[in-house]
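**Student:** Have a look at this one.
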Amino acid sequence: MQVQKSFKGESVYGKLYLVATPIGNMQDMSSRMIETLQKVHYVAAEDTRNTGRLLDYFDISTKLVSFHDHNSRARIPEIIALLKEGNDVAQVSDAGLPCISDPGHDLVKAAIAEHIAVITIPGPSAGISALIASGLAPQPHIFYGFLPRKKGQQKEFFESKKAYPETQIFYESPHRVKDTLENMLEVYGDRRVVLVRELTKIYEEYQRGFISELIESIGDAPLKGECMIIVDGASEEKVEKTEEELLAEIDFLIETGSQKSKAIKEVAKKYGLHKSDLYAKYHRSYYVYY
């Protein structure tokens, strides 16, 4: 067992600070984030050019050290050595909280193994910030980060997650969003989804609707900016409804005044199904009985 007393404990080692950075709006930088980046001896940055601009903006002159996926294997022992020499090090990602979509987790594990204090300096988080304004259930939720790029791997991933009840959060490149939504529709059915673009920036945008509606809205116009996809989790209704129950619900809606096409569309959306598939099942059952 290991106990870390972040501020009351004594150690000859330096401290590893995990410092959040703005996800678009520089005004989201807290005084504590600025103070920490000023006082540490080194800043380990995912992209030194990007972080350099941030430090220049706040007139911070701390020395930068490059730390990213491609050099982390060699750089982690070097950073640990700096910490053991008594230097404080701040690790940052390009935007938001570190250690989620960068190699920071491995650095944290290495620091803990050496009894080096690891301290969080909280701040902006794109996934959580988008989730709470999405309108979808914020709890429980699962953050997955970036999806597989290849269609087959992506659909296989969705197949493994389609029965999960949690709201799911994904990052996606703007030029892949439409293809991703089409793959998602094929596997998940027509669930509620929110597409978030340019969070905290002047062109911030939320598109809320069903997957099919967003695909139609996007059309052939390429999206711009950083994108997140937040999708409704599976419900017990969507998993457990039989074909007979679905058809009976359509019949009920028709009997109470709905047009057939509208009733089928409503039931398909309610249970996360393809409208065309449900339409075919309904007509097949019609010819069987009549």
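The values are calculated or read from the model by the stated rules, or taken from the named source; none is laboratory data. Everything quoted here is computed from the prediction, not taken from an experiment. A quick note on method: Cβ atoms are made from the backbone with ideal geometry, for glycine too, and the neighbour counts reach across all protein chains shown. The area values use the complete protein model at the heavy-atom level, side chains included, leaving out ligands, DNA and RNA. Shrake-Rupley method; radii C 1.70, N 1.55, O 1.52, S 1.80 Å.
**Student:** Considering only the stretch 100-122, state which residues are open to solvent by 40 Å² or more (accessible area, probe 1.4 Å), in a loop (DSSP other than H, G, I, E, B) and of a type in the set (Gly, Ala, Ser).
**Tutor:** Matches in the stretch 100-122: 101 only.
Table: residues versus (1) modelled with pLDDT of 95 or more; (2) more than 26 Å from residue 169 (Cβ to Cβ); (3) more than 22 Å from the chain's Cα centre (by Cα).
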| residue | (1), (2), (3) |
| --- | --- |
| 4 | no, yes, yes |
| 7 | no, yes, yes |
| 28 | yes, no, no |
| 77 | yes, yes, yes |
| 92 | yes, no, no |
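**Student:** Is it the case that residue 11 is in contact (Cβ under 8 Å) with a residue 40 or more places away in the chain, open to solvent by 30 Å² or more (accessible area, probe 1.4 Å) and out of contact with any strand residue (DSSP E or B) (no Cβ under 8 Å at 6 or more places or on another chain)?
**Tutor:** yes
**Student:** Any idea which of 104, 135 is farther than 30 Å from residue 51 by Cβ and in contact (Cβ under 8 Å) with a residue 40 or more places away in the chain?
**Tutor:** Just one listed residue meets the conditions, 135.
**Student:** Looking at the stretch 72-91, can you tell me whether even one residue there is under 25 Å from residue 129 (Cα atoms), open to solvent by 40 Å² or more (accessible area, probe 1.4 Å) and in a loop (DSSP other than H, G, I, E, B)?
**Tutor:** no
**Student:** Among the numbered criteria (1) open to solvent by less than 70 Å² (accessible area, probe 1.4 Å); (2) modelled with pLDDT of 95 or more; (3) not in a strand (DSSP E or B), which single criterion is violated by residue 148?
**Tutor:** All conditions are met except number (2).
**Student:** If you take the residues in the stretch 151-184 that are in contact with a Gly (Cβ under 8 Å, 6 or more places away or on another chain) and aromatic (Phe, Trp, Tyr), which one is least open to solvent (accessible area, probe 1.4 Å)?
**Tutor:** Selected residue: 170.
**Student:** Kindly provide the set of residues from the stretch 185-214 that are open to solvent by 50 Å² or more (accessible area, probe 1.4 Å) and either assigned to a helix (DSSP H, G or I) or over 21 Å from residue 266 (Cα atoms) (or both), ordered by number.
**Tutor:** 186, 201, 202, 203, 204, 205, 206, 213
**Student:** Ok, one more. Please go through the stretch 151-184 and pick out each residue that is in a loop (DSSP other than H, G, I, E, B) and within 11 Å of residue 227 (Cβ to Cβ).
**Tutor:** 173
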